[in-house]
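This report refers to the structure that appears directly beneath it.
Derivation of every value follows stated rules applied to the coordinates shown; laboratory data play no part. Here the structure is a predicted model, which is why all the values come from computation and not from measurement. Positions of Cβ are generated from backbone atoms using ideal geometry, with glycine treated the same way; all protein chains shown enter the neighbour counts.
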Amino acid sequence: MPQEPTEVQVRAGTEADLEPLTELYNHYVRETAITFDTTAFTPEQRRPWLHSHPEDGAHRLLVAQDVRFAGRAPDRGILGYATSSPFRPKPAYSTSVEVSVYCAPEAAGRGIGTLLYKALFEALESEDVHCAYAGIALPNEPSARLHARFGFRHVGTYEEVGRKFGRYWDVAWYEKRLSA
């Protein structure tokens, strides 16, 4: 049965999003090797993560929400989120970010990741960010295609770098130059 079209608002993540964002992320923690976290989080445990992504600057959190819930029920209708986070903690890495995108399972394949990344990279254009990096646990062809669409190139693969669900997983690393 085809899905009803959904209008989507992309906006900065807020405190009101903490619970649904935690639930969304925990789906990937429990069900997939897309993240190498192995234990689900409480919203309180995720609060520092949320606060490490202010509304502006190089480290952002953007949320995609079904407009039917926008402004009325911020804890409902969350279709996905994208982040840009510090790549590494040392000062010389300050102009590099690691990006990620997570879609609600029911929103996968509907262009939500594309909307989120488009908004994220537009927001980063005015920031002092030189390169973006993305690590993709393999296999994950949809994520590899999404990153290729946004101009990322594969720069290497760490083999068997993470263990989850009783097996080892490879992680492919992708890079995108954001400024000259």
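Quick one: net charge around Leu138, please, counting Lys, Arg +1 and Asp, Glu -1 for every other residue with C-beta under 15 Å from its C-beta.
0
May I ask you to list the residues of the range 141-180 whose amide nitrogen lies under 12 Å from a point 7 Å from Cα along the Cα→beta-carbon direction of Thr38?
Residues 162-169 fall inside that zone.
Taking 0.36 nm per residue of separation and subtracting the Cα-Cα distance, what length does fully extending Asp170 through Glu141 add?
Difference between extended and current length: 9.1 nm.
Where does each of 37-43, 141-147 land if you order them by average Cβ count within 10 Å, highest first?
Top of the packing list down: 141-147, 37-43.
Classify the chain as rounded, prolate or oblate, taking a ≥ b ≥ c as the square roots of the eigenvalues of its Cα gyration tensor: rounded when a/c is under 1.5, otherwise prolate if a/b is larger than b/c and oblate if not.
rounded
What is the sum of charges around His59, taking Lys and Arg as +1, Asp and Glu as -1, for the other residues whose C-beta is under 14 Å from the C-beta of His59?
Neighbour charge sum, excluding His59 itself: -3.
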